[in-house]
């Protein structure tokens, strides 16, 4: 999170007049202010791909069924839009407490989004935070979960400061995320790596070239996209089904989400869907999304029959080389800090979860119980043998919501995990 000094520098200590908060309850109403949304994105360099209309709109169309949209629009005295926060309400069960009303950011809850934030014009963050807390206090919400907030988020830092200064009931959690800074040339990038990794990148590619006819290719046109996505889904599922698990793309809604999101981002030259082919057979796939000079790695898959050839590892090396040639200066692995990510010359940061309860609501008790449960689990992990913990843990699934973002933790047999949320 940002320091107070950093916050003041970014916001320039501007104290705007009170903002008005407008609630929109239909996604078409948000589409009606698309120009304002795009303007805010262009003005705020701290925002990323997961704040775009293409990502959030596609997510809502796929996962919004049964959820109540509560999109907040913040306007100034001249009725200019200075902030957006697409959110939704759901009713959740609570141990020992009646059902509570929970507010989340659109994009949260399925395991597909990271690096989230309020969409705000720079300099208005403090005013948006004050307006949001006033609005939240006066509505019949019990809880608000703001998860996976960006480490660059000024809103998150100001929100935490105001909540603590005003003695709100809240809980915070940090989750590691990993990015790889990319220099201007491939040669300079290789110098960032250990000698072991430098050798592996070259040796494994050359080994494939001596054994197979090797080709890398990328989805370039709209008419290619359906087949390319089907190939990605198939390769991803093959890996998990071999482990007797269902895989992220067994969920129809996630396929729907990727179909729409990828189509929209391809039109804006933001889709990076890469494949590795051996002897005419596609054996590895990786989907990433470019926003500005950042490449966000989402999902990947490989054919287990070629696991010993480290095909996922070879494909990633190729993609990183293409990123550098295209002027990308950051490759973002997003959530998770596995060793297999760090070997690519990564830097570790953190996302922040902020959970707050409306004063005087049932949410306060719910929050206290939830934090108590987490503390108990943490104690058990520290004191029980690993075998006992494994026996208590329910069987994991990779098909349902909350399990969608993990890239294959063995992208070609080198145990090359990527996204750690599935």
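The values are calculated or read from the model by the stated rules, or taken from the named source; none is laboratory data. Since we're looking at a predicted model, the values are computed, not measured. Here Cβ is always computed from backbone atoms with ideal geometry, including for glycine, and neighbour counts include all displayed protein chains.
Filtering the stretch 134-184 to residues that are within 13 Å of residue 118 (Cα to Cα) and modelled with pLDDT under 95 leaves nothing. Looking across the stretch 249-267, the residues that are surrounded by 20 or more Cβ atoms within 10 Å (Cβ to Cβ) and at pLDDT below 95 come down to 249, 251.
From the residues in the stretch 238-248 that are in contact with a strand residue (DSSP E or B) (Cβ under 8 Å, 6 or more places away or on another chain) and surrounded by 19 or more Cβ atoms within 10 Å (Cβ to Cβ), which one is modelled with the highest pLDDT? Break it down stepwise before answering.
Filtering the stretch 238-248 for residues in contact with a strand residue (DSSP E or B) (Cβ under 8 Å, 6 or more places away or on another chain) gives 238-239, 248.
Keeping just the survivors that are surrounded by 19 or more Cβ atoms within 10 Å (Cβ to Cβ) gives 239, 248.
Working: 239: 81, 248: 87.
Result: 248.
The listed residues are 92, 21, and the only one of them that is modelled with pLDDT under 90 and in contact with a strand residue (DSSP E or B) (Cβ under 8 Å, 6 or more places away or on another chain) turns out to be 92.
The strands (runs of 3 or more DSSP E) found wholly in the stretch 236-353 and carrying at least 2 residues that are more than 16 Å from the chain's Cα centre (by Cα) and more than 19 Å from residue 54 (Cβ to Cβ) occupy 271-278, 281-291, 294-302. Taking the criterion of being in a helix (DSSP H, G or I) and surrounded by 15 or more Cβ atoms within 10 Å (Cβ to Cβ), the residues of the stretch 198-233 that qualify are 200, 201, 204, 205, 208, 225, 228, 229, 231, 232, 233. Of the residues in the stretch 367-378, none is surrounded by fewer than 11 Cβ atoms within 10 Å (Cβ to Cβ), modelled with pLDDT under 90 and touching a helix residue (DSSP H, G or I) at 6+ places or on another chain (Cβ under 9 Å).
Residue check: is residue 62 assigned to a helix (DSSP H, G or I), touching a residue at least 40 places away in the same chain (Cβ under 8 Å) and farther than 24 Å from residue 136 by Cα? Criteria met by residue 62. Total residues in the stretch 306-342 satisfying the condition of being touching a helix residue (DSSP H, G or I) at 6+ places or on another chain (Cβ under 8 Å) and either within 15 Å of residue 202 (Cα to Cα) or free of Cβ contacts under 8 Å to residues at least 60 places away in the same chain (or both): the figure is 9.
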